[in-house]
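The values are calculated or read from the model by the stated rules, or taken from the named source; none is laboratory data. Just so it is clear, the structure is predicted and the values come from calculations on it, not from any experiment. Note that we place each Cβ from the backbone using ideal geometry, even for glycine, and neighbour counts take in every protein chain shown. Just so you know, the surface numbers come from the protein's heavy atoms only, side chains and all, with ligands and any DNA or RNA stripped out. Shrake-Rupley method; radii C 1.70, N 1.55, O 1.52, S 1.80 Å.
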Amino acid sequence: MFKLRTAAILLAGALALALAGCSATEFNRQLEDAMGSMARTKVTRIGSPARDCWLVKLNISKAYAVVVPKRILRLGEEFPQVSVVSQFSGSGVDYAVLQAVRANGAVENFLLQALSSTQVELYRLDSSSRLPFTVGYSNGQYVLMQDTDGGKVAYWLVGPSSVRGPSITTRSQLAGGKSARKSSGKSKKSPKSGSSGAQTKPENVDLPMADLPNIQQDTSVRLEVDTPPESASQAPAVKSEPVVVEQPRVTAPASQGAASAPAASGGAAQPYTIVVD
């Protein structure tokens, strides 16, 4: 019964969309929304299990999205491949580096921040490298680092609703600062990563002083309301019952002559009933 009802809903939606002349993208999204979890494949959990944040693949459009309860962030059909290449957590925020690959093989890296079960933000990192990311800690802030060609390291300072960078330094500078700190016997305790983040604590690193530019939240994608399709499929069926426009009064049987009296005589209009199929 459920499958028949779902098929009827999808067919009705397809016909409505075809009549409306919507684009293929809109049609795919409407169809995926109607099918709900049946049209999505979970790829990677992001953050703690309690947050219920997932990177998913949309099976019809072949695009990727990040979903949290009742919200969806579509990453765009221009990226046929998306993966989570790094995760870490701190101060109640879950962070994930998403590596998105275009059809021509070009890479674009994003930083996702899951601030709550209803607030997700996405930032473009201005990085097109497939080299790995690591996480450090410096002066009370997380440092996201990525190796680049020539022994250089790109880094970003990361906090809740804040991403600054990138800037470039050398691996030797980072190693030198770490060695100097060990020799002096002084180090700052770094916070523990969350259950969804890196498996080890981020190391303290020394960074050159730099005025890093702020990266604005990516506005090309937006967090949309994700209506659970199950709520529509489980809604009670509407019964086809008559809708009474005017309730007739119960009186003694009228004579045949009175019943046939014309409306112009000033008598009350005859009540009628409309039946909605």
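The listed residues are V158, V143, V163, V221, and the only one of them that is within 20 Å of N109 (Cα to Cα), out of contact with any helix residue (DSSP H, G or I) (no Cβ under 9 Å at 6 or more places or on another chain), of a type in the set (A, V, I, L, M, F, W, C) and at pLDDT below 90 turns out to be V221. Evaluated against (1) open to solvent by less than 70 Å² (accessible area, probe 1.4 Å); (2) modelled with pLDDT of 60 or more; (3) closer than 28 Å to T44 by Cβ, G194 falls short on exactly one condition, (2). Considering region 124-143, and only residues there that are more than 12 Å from N204 (Cα to Cα) and touching a Leu at 6+ places or on another chain (Cβ under 7 Å), the residue that is most open to solvent (accessible area, probe 1.4 Å) turns out to be F133.
Table: residues versus (1) of a type in the set (V, I, T); (2) over 17 Å from D226 (Cβ atoms).
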residue	(1), (2)
Q81	no, yes
V85	yes, yes
F88	no, yes
G92	no, yes
L98	no, yes
S116	no, no
Q119	no, no
V135	yes, yes
Q146	no, yes
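Of all the numbered requirements in (1) surrounded by 18 or more Cβ atoms within 10 Å (Cβ to Cβ); (2) touching a Phe, Trp or Tyr at 6+ places or on another chain (Cβ under 8 Å); (3) hydroxyl-bearing (S, T, Y), S61 misses one, and that requirement is (2).
Do you know which of the residues in region 155-172 that are open to solvent by 10 Å² or more (accessible area, probe 1.4 Å) and among the aliphatic types (A, V, I, L, M) is nearest to L98 (Cα to Cα)? The extreme case among them is L157. For Y123, the conditions (1) within 19 Å of the chain's Cα centre (by Cα); (2) in a loop (DSSP other than H, G, I, E, B) are fulfilled apart from (2). Condition test on Q87, is it of a type outside the set (A, V, I, L, M, F, W, C), at pLDDT 95 or above and either part of a helix (DSSP H, G or I) or open to solvent by less than 40 Å² (accessible area, probe 1.4 Å) (or both)? Against the criterion (of a type outside the set (A, V, I, L, M, F, W, C), at pLDDT 95 or above and either part of a helix (DSSP H, G or I) or open to solvent by less than 40 Å² (accessible area, probe 1.4 Å) (or both)), Q87 qualifies.
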